[in-house]
Amino acid sequence: MRLLRALVVVALFVVAVYYGYRVFAGRPRPVAAATVTVYYCKTDGETLVPWKLTLGPARDRKSVAFYAATQAVAGPSSDIDAIRFPSGTIVHAVDVDGSTAIVDLGGALAKPTAGSFAESAEFKALVWTLTALPGIGSVQVKLDGIRVPTLPGGHFELDEPLSRASF
């Protein structure tokens, strides 16, 4: 009788361990959506238009944020009327610190080219794109790795993280 009880206890223990493993360790990690929403600003400077893009295999938060930022900077196809970042603007890196995406931009953006109207629309699209991602509420912009108070030319302030409320 004791042997039977011992076998039942061992069997229950094995089942509990197996079940615990399947529930906690064996559970597949949540996968990010297969698409990301990227925004561009129409030439009126106010109207944002979303478009969905398919993600590649990398679905971690940082990779998705980098991809979204890169697509927002690139803008929609050339046949669509939109305000775009200056040609030659590049995204060096995107890091995520808590709920803030830190975007390091460079290239043509580091030279004064556009006025405040275009700059506001460009960054509005970037901020709306990144804050559409889960857990991101603001965007801190750096130029060539340096946190600057404004864009060159002084039209657009970058000293604090930008949020949707900034526009």
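The values are calculated or read from the model by the stated rules, or taken from the named source; none is laboratory data. These figures come from a predicted structure and were not determined experimentally. So basically every Cβ, Gly included, is an ideal-geometry build from the backbone, and we count neighbours across all protein chains shown.
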Filter the range 135-148 down to the residues that are in contact (Cβ under 8 Å) with a residue 40 or more places away in the chain and either crowded, with 22+ Cβ neighbours inside 10 Å or over 14 Å from Asp104 (Cα atoms) (or both) and list them by number. Gly135, Ile136
Going through the range 125-163 in order, the residues found to be within 14 Å of the chain's Cα centre (by Cα) and outside any loop (DSSP other than H, G, I, E, B) are Ala125, Leu126, Val127, Trp128, Thr129, Leu130, Thr131, Ser138, Val139, Gln140, Val141, Leu162
For residues that are modelled with pLDDT of 95 or more and in contact with a Ser or Thr (Cβ under 6 Å, 6 or more places away or on another chain), scanning just the range 51-72, find the one that is farthest from Val94 (Cα to Cα). Ala72
How many residues does the range 56-87 hold that are within 12 Å of the chain's Cα centre (by Cα) and assigned to a loop (DSSP other than H, G, I, E, B)? 2
Kindly indicate which of Ser99, Ser116 is touching a His at 6+ places or on another chain (Cβ under 9 Å), of a type in the set (Ser, Thr, Tyr) and farther than 19 Å from Pro50 by Cα. Ser116
From Ala114, Ala108, which residue is in the same structural domain as Val64 (by TED's automatic domain parsing), over 28 Å from Arg59 (Cα atoms), at pLDDT below 95 and buried (at least 18 other Cβ atoms within 10 Å of the Cβ)? Ala114
Within the set of pairs 6 or more residues apart or between chains, which connect a residue that is in the same structural domain as Phe117 (by TED's automatic domain parsing) inside the range 44-69 to a residue that is in a loop (DSSP other than H, G, I, E, B) and of a type in the set (Val, Ile, Thr) with Cβ atoms less than 6 Å apart? Arg59/Val31
